[in-house]
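Notes follow once the structure below has been shown.
The values are calculated or read from the model by the stated rules, or taken from the named source; none is laboratory data. These numbers come from a predicted model, not from an experiment. Here the Cβ is made from the backbone with ideal geometry for all residues, glycine too, and neighbour counts use every protein chain on show.
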Amino acid sequence: MLYFFYGDNILRRKEKIKKLIDVNGVAPRELKIEELTTDFLEELAWAQGLFDKAQVFFLRDILESKELKDFIKKEAAQMAKSPNIFVISEMSATKDLSGSLEKKGAQLIECTLAEKPVKKEANNFALGDAIGRRDRKASWVLYQEALARGAFPEEIHGIVFWVMKNIFLAKTGGATGLAPYPLMKAKSFEPKWNNKEIKNALSELVRMYHDSHRGLVEFPIALEKFLLETV
């Protein structure tokens, strides 16, 4: 997977990158420009990772090198499909470069000083509630809004999985350990789902997570498909 953070708001970039790394739970390895070669980067991009856990590689200000910049632009599609996670942080990006990366499957996160603050009420839990009550239209709209404000697929997936797991626990009588509010929510959603649907949904979410990190599916597209076909 390929994440491209850019913009003059350095603090915001650091915060969003930290959030992404925390969500994945894997310590990143920084690849410094002076020791990075296109051959090594190509090897990492094409690694299959079927048995090893996905690694996170952090690349800062590498576009100063024309050779590396050309490589990133050329191999963005493969890096986006890679089971390894590539995080690139840059002060700026041309429209030509950002457009090319986005077309090839990279996740672009712009962090500028003029960036509008996100409303506090806009959060991914509203998406979880819409999925729980099986409101397909609201789920899709809230999902698109979450992506637009910079939420990561892993972050959204975590909320969705948490909601579905709570519904399963409420339906099977295993929700005694839940806090009162999540338990109340889960019980209100539980009649909307039968046992088979819940089990299939949880299995699909687990499969989706692993397949996306193996480069077999694109995480944002797989999540959208889940919303349109399962909810």
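General remarks:
- Hey, PHE4 at pLDDT 85 or above and in a helix (DSSP H, G or I) or not: no
- Subset of segment 210-221 that is in contact with a helix residue (DSSP H, G or I) (Cβ under 6 Å, 6 or more places away or on another chain) and touching a residue at least 24 places away in the same chain (Cβ under 8 Å) - its residue that is farthest from ALA151 (Cα to Cα): GLY215
- Residue count, segment 104-126 (criterion: at pLDDT 90 or above and assigned to a helix (DSSP H, G or I)): 0
- Residue check for ALA80: assigned to a loop (DSSP other than H, G, I, E, B), within 20 Å of GLU218 (Cβ to Cβ) and not β-branched (Val, Ile, Thr): no
- Subset of segment 51-65 [modelled with pLDDT of 70 or more, of a type outside the set (A, V, I, L, M) and either more than 20 Å from the chain's Cα centre (by Cα) or not in a loop (DSSP other than H, G, I, E, B) (or both)]: PHE57, PHE58, ARG60, ASP61, GLU64, SER65
- Residues satisfying the stated conditions in segment 143-198, i.e. under 24 Å from the mean Cα position of the chain (by Cα), modelled with pLDDT of 85 or more and small (Gly, Ala, Ser): ALA146, GLY158
- Extreme residue, nearest to TRP46 (Cα to Cα), among residues of segment 67-79 that are surrounded by fewer than 22 Cβ atoms within 10 Å (Cβ to Cβ) and among the aliphatic types (A, V, I, L, M): ALA77
- If you go through segment 5-50 and keep only what is of a type in the set (S, T, N, Q) and under 20 Å from the mean Cα position of the chain (by Cα), you end up with ASN24, GLN48.
- Where a residue in segment 160-175 is at positive phi and its partner, wherever it lies, is of a type in the set (D, E, K, R) and assigned to a helix (DSSP H, G or I), with Cβ under 9 Å and at least six apart: none
- If you go through segment 83-98 and keep only what is more than 24 Å from LEU113 (Cβ to Cβ), in contact with a helix residue (DSSP H, G or I) (Cβ under 6 Å, 6 or more places away or on another chain) and in a strand (DSSP E or B), you end up with just PHE86.
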